[in-house]
Structures are given as C-alpha cells and as structure tokens.
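First the structure, in the form of structure tokens, and then the observations on it.
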Amino acid sequence: MTTEDEPPSGLLIEGAASIATLAGGLRRGSTQDDAAEMAGASLSVAVWDGRIVAVGSGPDVTAKVRAAGYDLEKFRVIDARGGLVTPGLIDAHTHLVFAGTREGEWQMRQRGSGYLDVLKAGGGILSTVAATRAASTEELLAGARGRLREMLANGTTTAEAKSGYGLDTATELRQLEVIDRLDREGPVQLVPTYLGAHAVPAESRARADGTESYVAEVIREQLPAVARQGIARFCDVFCEKGVFDASQTERIVYAARGHGLPARIHADELVASGGAELAARLGCVSADHLAAPSEAGMAALARAAEAGTPVVATLLPATSWFLGKHHFAPARRFVQSGVPVALATDLNPGTSPTLSLPLVMSIACVELGLTPAEALVAVTINAAHSVGLGAEIGSVEAGKQADLVIWDVPNVAQIPYWIGSNRVRTVIKRGVTVLERS
Ligand code: NIG
Ligand code: FE
C-alpha cells in the first residue's frame, strides 16, 4: 500500500517537558538566539494528515483539536516522557551522492599537503569524480541510501543534496536522478542542487583555456540539460580562488537564472575570493562556508540583510574542523550584523565525512561561539529558508508539515552538549513515525 492510499490519520505527542517551536519565521540578529521554546509540565503537539494542528499545553491542545471537529479517539498517542520536541532538522548543504572514500588524502593533509594542492595534482574532488563516474546508478543509490538512514537517525528529516561529482552532462544528470529517486523513496525529503561547476574535470584541464572552456560547457550544455531534466531546484558554484573566480561564477549564476534555477554558492571557503560580495550583489539564496570572507564581503551581506533581501550565511564548521583549520567562519560577526545564519554538515568524502547535525551544532558552539539556541535555529527555521522551504518546514507551528524530533534531553542546550552522542528518540516525517530508538 502506498502512502497516498492510507487514510488520513492523527497523532498526538503528549508529555513533553519542552517544545522548541522556532515559530515566527527567519531569525537574524538578536532573534537568532531565540528558539521560541515553550516549557511546562506537560506539552503536546497534535498532527492530522501530516500537518501540525495545534501546539501548547496538553489541555489546550486537546480542546483545540476537539473544537476543530477531530475525533481524538482516532489519534495515535506518543508519550514524550519529559523529553524535548523540536522541528525535524534540515541539512542545508550536502554532497550526498558519491562513490569511494578519501581517507588517504586526509592523512596526506595531516602530513602537510594543502586541500587545493591535492586537487591541482588531480586528487581531491577529481578522485571522487572518477569513482562516481565509474559507479552504477544502483551503487550510487545504495551508498546514498545508507547515509540517509544514518542522517535520519541523527534527526535530519530534510536535506539539500548536490550533484558535482560528475562534471559531465551524463553523470551530473545521473546524480540528480539518484537524488530524485531517494526523495520519492523517503522518508528524508531532498532538495536537489546542480553543482556542475564544482571543479574543472581532467579532460578540460588538458587544454590551455581549461577553466573557461569548462564554464562554457556548463552554460551551453549542462545547464540546459539539467533544466530539461527538471529535477534540480538550485544551481551552486564552487567560487574560490584557483577553482572558479567571481566573474565565472557570476556568468553561471545568470545562466542558471535564465533556466529558473536560483543560486546558492560555495563562497570564500579557504581564502577571500569575492564570493560573499557576489552573493550579496546577485541576491543568492545562500552563501555557504564563508570561513574567509573579506571585510567588504561581510559588509555587503550585512547591507543585503538590512535592506530586507537577506542572503542566508550557511556555515559548515565541521569542514573547517576536519581540514584542521584554526580559523573558522566569523559567525558572531554575522549574527551581530543581522545576517541570518544556518548550519549544515557539508557531508562529502573529502572535507566533511559526517552525517550528524547535532555534532555540527557542537562544533558551532565551541568554535563559532554560537549559543545552543542559535545553533538550533541554524539547523531548523534558518536552514529551511536556506533551501527555499521556510513556509513549509523548520518550525512547530499549526499548518506546517509535521516533521518532528523527540529528544531524550530536557532542554535545547543538551543537544550540542552531549558531543558525538545521539540523543534522538523518535523521528516523525509528514506525521508518520519513521524512526524509534530504544
Ligand atoms: O564544500 N569545497 C568544495 N566542495 C566541498 C568539498 C568537496 C570535496 O572535497 O569532495 C566542500 O567542502
Ligand atoms: Fe560543499
């Protein structure tokens, strides 16, 4: 029986000690620190047909549900046993679909090799490209499916997922097809992004004008094919000195818009490359990494937020940490200047082999100086806005899709506090319990 054939059903979560609702939309500045937490003896969330119907104290919720004409007898009841309820977590930046692993390169880096030097020598991203091209679609599906299972177990109910390990039309389309199939399979909902401009492939590197000729291929061949395929919802570019510069990124972003694909870009991950400035000027949905933005870039993002056209700063501290950097994104500056901050894993085999948003929250608290509430905002409502789904997910509010996590902790701070330990008890996606840990 498919989900569509199932009759609508109700779910009542009761006995929560705390609900971090994240109600009220995108958060920036002083509201970044407000998870809109309700605390009480016995809090409830009622869900009908995959949507949240009511949130609040137990008696209030029952009264509202009855007043709205629902038969509470038909609701399945989950006892939250004094735990914490949050929205399902949203991982706003992942390279989910790939073949192979790169632990050898990681050890080379520990002995002193630079990330971009490894790439220049034909390793790094390019070694994952070779493995991904050689893998069958079934192999790519199986690998990504396994990773999604573990992400779900860590509380992730929605993830953005990029192509970018094909760097040729056929493999880029195949990666997007894998993302689409896994999204349909569920339970983790996926937001597909086309990242053809992730690196210059080996075959173009052989030419003197390698980068330019590959940019032309992305614009003239890959983007039209991606648009025809109709799966991708965003276009991304690795805008970084030595990879794609700001002017090449700008041309790709404009071409993508012509095909109806808004842009989110990898900006200033390793050195200031004009990425933050560009993201602000072009009105990208999100600027990601931002571990090394220029002063001008930070000011441009602050002005865009002030003008009411905020670019979400999607920070990826697990990457800086795994790369052994001692320099992290200036998260406090972003918060102080009113730039909305999201956090994501950047899951990929080279720079961030992690599947856990709670771990990313821990790193963000320690290395970026975010508070636990700021970090939770960053993986829920702000992440939802980062992937264009702010109206649908990211908060526990009546009318929203019922994506919820019940945690085995009494408050928000204990999610990042238990470093590397999984405190997820129950995960609910679209009103259905999809994971229960004992
Ligand atoms: O976001 N920086 C570019 N892309 C990824 C790394 C991809 C890889 O090394 O395979 C990132 O860190
Ligand atoms: Fe990335």
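The values are calculated or read from the model by the stated rules, or taken from the named source; none is laboratory data. What you see is a predicted model, and the numbers here were worked out from it, not measured in a lab. Counting neighbours? That spans all protein chains shown, and the Cβs are built from the backbone with ideal geometry, glycine included. Areas reflect the complete protein model, heavy atoms only, side chains present, ligands, DNA and RNA absent. Shrake-Rupley method; radii C 1.70, N 1.55, O 1.52, S 1.80 Å.
Brief remarks follow.
- Under the criterion of Cα pairs below 8 Å and six or more residues apart, the relative contact order for segment 331-438 equals 21 percent.
- Global form of segment 260-304, assessed from the alpha-carbon gyration tensor, a/c cut-off 1.5: oblate
- Couplings for segment 219-230, taken from phi via the Karplus curve 6.51 cos²θ - 1.76 cosθ + 1.60 with θ = phi - 60°, read 6, 8, 10, 5, 4, x, 5, 5, 5, 4, 5, x Hz in order; Gly and Pro are left as x.
- Over the chain, Cα pairs under 8 Å with separation of 6+ residues give a relative contact order of 21 percent.
- Across the protein chains, with a 1.4 Å probe defining accessible surface, the residues Glu436, Glu14, Glu374 rank Glu436, Glu14, Glu374 from largest area downward.
- Ser421 versus Ser438: modelled label distance in nm, points set 7 Å from Cα along the beta carbon direction: 2.0 nm
- Remark: C-alpha extents of segment 36-109 on the principal axes read 63, 26, 20 Å, sorted largest to smallest.
- Between Val65, Val285, Val188, the residue with the greatest mean-square fluctuation in the GNM of the chain (Cα pairs under 10 Å linked by springs) is Val65.
- Largest mean-square fluctuation among His385, His198, His327, in a Gaussian network model of the chain whose springs join Cα atoms under 10 Å apart, belongs to His327.
- Solvent exposure ordering (accessible area, 1.4 Å, most first) of Val366, Val387, Val77: Val366, Val77, Val387
- Net length gained if the chain between Asp209 and Ser294 were fully extended (0.36 nm per residue, minus Cα distance): 27.8 nm
- For segment 12-88, trypsin sites (Lys or Arg not before Pro) meeting the loop criterion (DSSP other than H, G, I, E, B) and having at most 15 other Cβ atoms within 10 Å: Arg81.
- The chain - percent of accessible surface contributed by carbon and sulfur, probe 1.4 Å: 52 percent
- Inter-label distance for Ala202 and Ser247, nm, one decimal - labels placed 7 Å from Cα along Cα-to-Cβ: 3.1 nm
- Average accessible surface area per residue within the chain, 1.4 Å rolling probe, Å²: 37 Å²
- Measuring only protein heavy atoms, the 1.4 Å probe finds Asp33 accessible over about 70 Å².
- Here each label is just a point 7 Å from Cα along the line to Cβ, and for Gln414 and His327 those points are 3.9 nm apart.
- Alpha-carbon gyration tensor eigenvalues x 5, square-rooted, for segment 268-409, Å: 23, 20, 13
- Of all the options Ser136, Ser163, Ser42, the one that moves most in a Gaussian network model of the chain with Cα springs shorter than 10 angstrom is Ser136.
- Our summary gives segment 56-143 a relative contact order of 28 percent, counting only alpha carbon pairs under 8 angstrom and 6 or more residues apart.
- When only alpha carbons are used to place a centre, segment 291-364 and segment 204-231 end up 28 Å from one another.
- Degrees between helix 357-367 axis and first principal axis of the chain (Cα, 0 to 90, nearest 10): 70 degrees
- Bins of 10 Å, starting at 0 and running to the largest distance - Cα pair percent for the chain: 5, 23, 32, 25, 12, 4, 1, 0
- Using a Förster distance of 35 Å, the FRET efficiency for Asp117-Arg257 (Cβ separation, nearest 0.05): 0.55
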